Amino acid sequence: MSVALGDKEYFKGISQVKYEGPESDNPFAFRWYDENRVVAGKSLKDHFKFSCAYWHSFNADGSDPFGGPTFEFEWNSKQDAVERAKDKMDAAFEFITKMNLPYYCFHDVDVVDYTNDIADNDRRLATMVDYAKQKQQQTGVKLLWATANLFSHKRFMNGASTNPDFLVLAHGAAQVKAALDATIALDGENYVFWGGREGYMTLLNTNMKREQEHLARFLHASKDYARKNGFKGTFFIEPKPMEPTKHQYDYDCATVIGFLRQYDLLNDFKINIEVNHATLAGHTFQHELQVAADAGVLGSLDANRGDVQNGWDTDQFPNDLNELTEAMLVFLEAGGLQGGGVNFDAKIRRNSTDPADLFFAHIGGMDTFARALITADNILQKSDYKKFRQERYSSFDSGKGKQFEEGTVGLEDLRAYAIESGEPEVRSGKQEYLENIINRFI
Ligand code: XLS
Ligand code: NI
Ligand code: NI
């Protein structure tokens, strides 16, 4: 990949990040992410399909509820919205190519500012799609997924497709239509629905059944439109239990799977799992991966991490090797992702104000994923992790246990078997032993 520079260089003094190996002391080099390294039959590049999230890297300016921006974006100076958006895209592609990231993701309003004029917004986005198309052609960078932001504008304060006001739903649909058009024009591989405000704040004013039915209808209409217009990719639902809404309908993977099944959406939709959303739902990341994998809907990942001392969605860059190694065990055994990739839905801290900090954050995230995957592969190949897990269930591999799995043993039979066989042996689950295996291979 060659570095894409626009009229101006935004990340001056930083050249393309390359793999230099674990011994390197260059903070601008990968120590584990060697994109061509083959692990479990696939290159690291293909396993992960790493992606840059436009919103966190080029829109979030460090402001929080207690204070204004701390990042000064050089690409934000022009008056005209489209000219400003082009500068931002120049900066984005410079960063993406310097980081050697093969993919990017965006919300409609990340790319260009929107007003309340639907036709004008569509024109703005279409102009930027043309611009992005050129950039993609020049660099080979691809669109992992796009989405519509149906949560920031005040009209969406009571939800978008689950809003009690039908006109708000229609405005949401207009945005989704344009975002789908953009995805198709840019050969986007997937399309995401994250329903930040699709939920409720209090049941006192909410008809939950009706709202969920509206959500399902909205998803069907979106899917039908995209398919009719040639979209072949996968749709992802991104679960999150809360924040900004008190109770979000797409709470976690299990909830989403039930919803997709109930409303006949399982053929077209899979799940985009975000680490910090999993922990916010009271699960581990690996739990959510396993739930999705078991249902055949492990689609894509939003990579980040939470903070163990506070509950909320801090969207920090991933750097926890233990957490990711456990996750990569599930990932490898599931055969990877279906259509998606690993998108850094993560932001640098408010006080990480150097342009270089954005590089360090992504380098750390990519290296941690690479190292975790290599470690997990070693565990699967060289330890008795798999064997132990298999043997733990061996009583179901033959005899009555096998018949039970096949569904041919009734409750009376089970009782008779219990009496005949006596008290079960006490068998250790060996948690600490297994935890030590993880640390040994790290
Ligand atoms: C917010 C979500 C959001 C989605 C895309 O918590 O993670 O960024 O990924 O709308
Ligand atoms: Ni996300
Ligand atoms: Ni999030």
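Just to confirm a number: summing +1 for Lys and Arg and -1 for Asp and Glu over residues other than Leu321 whose beta-carbon lies under 15 angstrom from that of Leu321, what do you get? Every neighbour counted, the sum reads -2. Based on every Cα atom in the stretch 273-317, Rg and the maximum pairwise Cα distance Dmax equal 10.5, 33 Å.
Computed over the stretch 207-307, relative contact order equals 25 percent, with contacts defined as Cα pairs under 8 Å that lie 6+ residues apart.
How large is the Kirkwood hydrodynamic radius of the stretch 382-442, in angstrom, based on all distinct alpha carbon pairs? Write down the numbers at each step before the final one.
On the way: mean 1/r = 0.0717 Å⁻¹.
Averaging 1/r across every pair of different Cα atoms and inverting gives 13.9 Å.
In the stretch 407-442, which trypsin sites (Lys or Arg not before Pro) are in a loop and have at most 13 other Cβ atoms within 10 Å, using DSSP for the loop call? The partial results should precede the final answer.
Working: sites: Arg415, Arg427, Lys430, Arg440; in loops: Arg427, Lys430.
Sites meeting the loop and neighbour criteria: Arg427, Lys430.
Shown for the stretch 3-132 is the translational diffusion coefficient from the Stokes-Einstein equation, using the Kirkwood radius over Cα pairs, a temperature of 10 °C and a viscosity of 1.306 mPa s: 95 µm²/s.
Evaluated over the Cα positions of the stretch 226-281, the convex hull gives a direction-averaged projected area, one quarter of its surface, of 4.4 nm².
Our estimate of slack between Glu213 and Glu20, defined as 0.36 nm per intervening residue step minus the Cα-Cα distance, is 64.2 nm.
First select every other residue whose beta carbon is under 14 angstrom from the beta carbon of Lys400; then total the charges, Lys and Arg +1, Asp and Glu -1.
On the way: positive: Lys402, Arg415; negative: Asp397, Glu405, Glu406, Glu412, Asp413, Glu420.
Result for the local shell: -4.
Evaluate the relative contact order of the stretch 146-285 (contact order divided by residue number), counting alpha-carbon pairs under 8 angstrom at least 6 apart; express in whole percent. Present the calculation step by step, with values, prior to reporting the outcome.
Working: 216 pairs, mean separation 33.1, N = 140.
Relative contact order, the stretch 146-285: 24 percent.
Only beta bridges with both residues in the chain are counted; by DSSP, about 20 percent of them are antiparallel.
Tell me, what is the per residue accessible area of the chain in Å², probe radius 1.4 Å? All intermediate terms of the calculation are to be shown ahead of the outcome.
On the way: 21350 Å² over 442 residues.
For the chain, the solvent-accessible area averages 48 Å² per residue.
Measure nothing but the geometry: give the 0 to 90° angle between the long axis through the Cα atoms of 208-228 and the longest principal axis through the Cα atoms of the chain, rounded to 10°. Orientation of helix 208-228: about 70 degrees from the principal axis. Helical content of the chain, expressed as a calculated mean residue ellipticity at 222 nm, amounts to -14000 deg cm²/dmol (DSSP H runs of 4 or more residues, -39,500 (n - 2.57) each, divided by residue number, nearest 500).
Percent antiparallel among DSSP beta bridges with both residues in the stretch 127-279, to the nearest 5?
Working: 2 of 11 bridges.
Rounded to the nearest five, the antiparallel share is 20 percent.
Quick check on my link table: of Lys18/Lys49; Lys78/Lys98; Lys45/Lys98; Lys88/Lys347; Lys45/Lys382, which ones sit more than 19 Å apart, alpha carbon to alpha carbon? Over 19 Å Cα-Cα: Lys78/Lys98; Lys45/Lys382. Taking the Cα centre of the stretch 376-422 as origin and assigning +1 to Lys and Arg Cβ atoms and -1 to Asp and Glu Cβ atoms, the resulting dipole is close to 260 debye.
With semi-axes defined as the square roots of five times the eigenvalues of the C-alpha gyration tensor, the equivalent ellipsoid of the chain measures 39, 29, 19 Å, largest first.
Between Asn322 and Thr408, what length comes free when the chain is fully extended (0.36 nm per residue of separation minus the Cα-Cα distance, one decimal in nm)? Show your work: numbers first, answer last.
Values: separation 86, 0.36 × 86 = 30.96 nm, distance 4.10 nm.
Roughly 26.9 nm would be gained on extension.
At a 1.4 Å probe radius, carbon and sulfur cover how many percent of the accessible area of the stretch 35-150?
C and S fraction of accessible area: 45 percent.
Counting other Cβ atoms within 10 Å, which GluC sites (Glu not before Pro) in the stretch 17-67 have at most 11 and lie in a DSSP loop? Display every interim value, and only then the final one.
Details: sites: Glu20, Glu23, Glu35; in loops: Glu20, Glu23, Glu35.
Here the sparse-neighbourhood loop sites are Glu23.
Residue-wise HN-Hα couplings along the stretch 434-442, as the Karplus relation 6.51 cos²θ - 1.76 cosθ + 1.60 with θ = phi - 60° gives them from phi, are 5, 4, 5, 4, 4, 5, 4, 7, 5 Hz; Gly and Pro carry x.
Apply the Kirkwood formula to the stretch 246-402: the hydrodynamic radius equals the inverse of the mean of 1/r over all pairs of different alpha-carbon atoms; give it in Å with one decimal.
Hydrodynamic radius (Kirkwood, Cα pairs) of the stretch 246-402 is 17.1 Å.
What angle do you read, to the nearest 10 degrees and between 0 and 90, between the alpha-carbon axis of helix 355-382 and the longest principal axis of the chain? Its long axis makes an angle of about 20 degrees.
How charged is the neighbourhood of Ser352? Take every other residue with its Cβ under 14 Å from the Cβ of Ser352, and add Lys/Arg as +1 and Asp/Glu as -1. Intermediate values should be presented prior to the final figure.
Details: positive: Lys347, Arg349, Arg350; negative: Asp61, Asp64, Glu72, Asp315, Asp354, Asp357.
That sum, taken over residues with Cβ under 14 Å, equals -3.
Estimated translational diffusion coefficient (Stokes-Einstein, Kirkwood radius over Cα pairs, 20 °C, 1.002 mPa s) of the stretch 53-105: 178 µm² per second.
The values are calculated or read from the model by the stated rules, or taken from the named source; none is laboratory data. What you see is a predicted model; the values in this text were computed from it and never measured. Cβ coordinates were reconstructed from backbone atoms using ideal geometry, including for glycine residues, and neighbour counts include every protein chain displayed. The area values use the complete protein model at the heavy-atom level, side chains included, leaving out ligands, DNA and RNA. Shrake-Rupley method; radii C 1.70, N 1.55, O 1.52, S 1.80 Å.
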